[in-house]
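Here the structure is laid out as structure tokens; the discussion comes afterwards.
The values are calculated or read from the model by the stated rules, or taken from the named source; none is laboratory data. All values derive from a computational prediction rather than experimental measurement. Reconstructed Cβ throughout: ideal geometry from the backbone, glycine too, with neighbour counts over all protein chains shown. Accessible surface is based on the protein model in full, side chains and every heavy atom, while ligands, DNA and RNA are left aside. Shrake-Rupley method; radii C 1.70, N 1.55, O 1.52, S 1.80 Å.
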Amino acid sequence: MHHFFVAPSQVEETRIYIEGTDVNHMKNVLRMKNGEKLMVSDGNNRKYLCEVASYEEGRAFVNILETREADTELSSRIYLFQGLPKGDKMDLIVQKSVELGAYAVIPMETRRAVVKLDEKKAAKRIDRWNGIARSAAEQAGRAVIPRVEEVHSFQDALKRAEEMDVALIPYELCEGMDAARELIRSIRPGQSVGIFIGPEGGFEKDEVEEAVRRGAFPVTLGRRILRTETAGLAMLSILMFELEQG
């Protein structure tokens, strides 16, 4: 079943209106006809089973058949602090992070990051990544659209993480799988979690040391060295398994 997001203000008593590029997608790409069912989320943990009613003046109107409380979100908000990778790897990272339950993705400049974005380039990339996040949220049946935030410096990222209940930094020189398992399993539902992932070259030792001084916990992901586009997804998968309810 096709899934779309709207703002809460677009939800009326018995119907919802959809606007923007989603209307063209419904009408001309998916060729959705009157009476065809779809799911609509208001980004506020509520879902609506609907059916297409009409297309009018650049809007699609759908009738509400059933209102449901969303049950697709993790019990904790997970923030992925991702060191800027080369090429289009960030596209994949954003897409899969949203599928795995991340609440937000925060691009991050680190010393070994090759990619440097000026303000104009950064704005264009962030717009693109937020579009990818929206599509991934629709595909995954998420109740909210995770946000890709502005590019943070490493220092700003650490400051942001200090507001969270737990911050984890996977590091290839860290040892002790039992300690990592115990730490991850100690995270309680409702706690906010930050995950720090370095770029292709990883973190420099003093970056990890500073993160630890400011409250982050270093963890190992095993004996194999993972690529930057794999490490965050592995960490999210582990947390998803531990925090999934029901």
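Working only within region 149-179, note down all residues that are closer than 20 Å to residue 205 by Cα, part of a loop (DSSP other than H, G, I, E, B) and either in contact with a strand residue (DSSP E or B) (Cβ under 8 Å, 6 or more places away or on another chain) or not charged (D, E, K, R) (or both). Passing the criteria: 171, 173, 174, 176. Screening residue 47 on (1) farther than 30 Å from residue 167 by Cβ; (2) open to solvent by 80 Å² or more (accessible area, probe 1.4 Å); (3) touching a residue at least 60 places away in the same chain (Cβ under 8 Å) shows it passes everything except condition (2). If the condition is being more than 13 Å from the chain's Cα centre (by Cα), within 16 Å of residue 93 (Cβ to Cβ), open to solvent by less than 40 Å² (accessible area, probe 1.4 Å) and not aliphatic (A, V, I, L, M), then region 120-157 contributes only 152. So in region 1-43, with the set limited to residues that are acidic (Asp, Glu) and under 24 Å from the mean Cα position of the chain (by Cα), which one is most open to solvent (accessible area, probe 1.4 Å)? Filtering first and then ranking leaves 19.
If you go through region 202-246 and pick out every residue that is open to solvent by 30 Å² or more (accessible area, probe 1.4 Å) and among the aromatic types (Phe, Trp, Tyr), you end up with 2. Taking residue 52 as the residue in question, decide whether it is closer than 20 Å to residue 139 by Cβ, surrounded by 15 or more Cβ atoms within 10 Å (Cβ to Cβ) and modelled with pLDDT of 95 or more. Here the answer is yes, as residue 52 does meet what is asked. Taking region 180-201 as the range and being part of a loop (DSSP other than H, G, I, E, B) and crowded, with 21+ Cβ neighbours inside 10 Å as the test, the residues that pass are 198, 199. Scanning for something on the phi < 0 side of the Ramachandran plot and not in a strand (DSSP E or B), does region 37-60 turn up at least one residue? Yes, some residue in region 37-60 is on the phi < 0 side of the Ramachandran plot and not in a strand (DSSP E or B). Among the residues here, residue 92 qualifies as open to solvent by 50 Å² or more (accessible area, probe 1.4 Å), assigned to a helix (DSSP H, G or I) and at pLDDT 95 or above.
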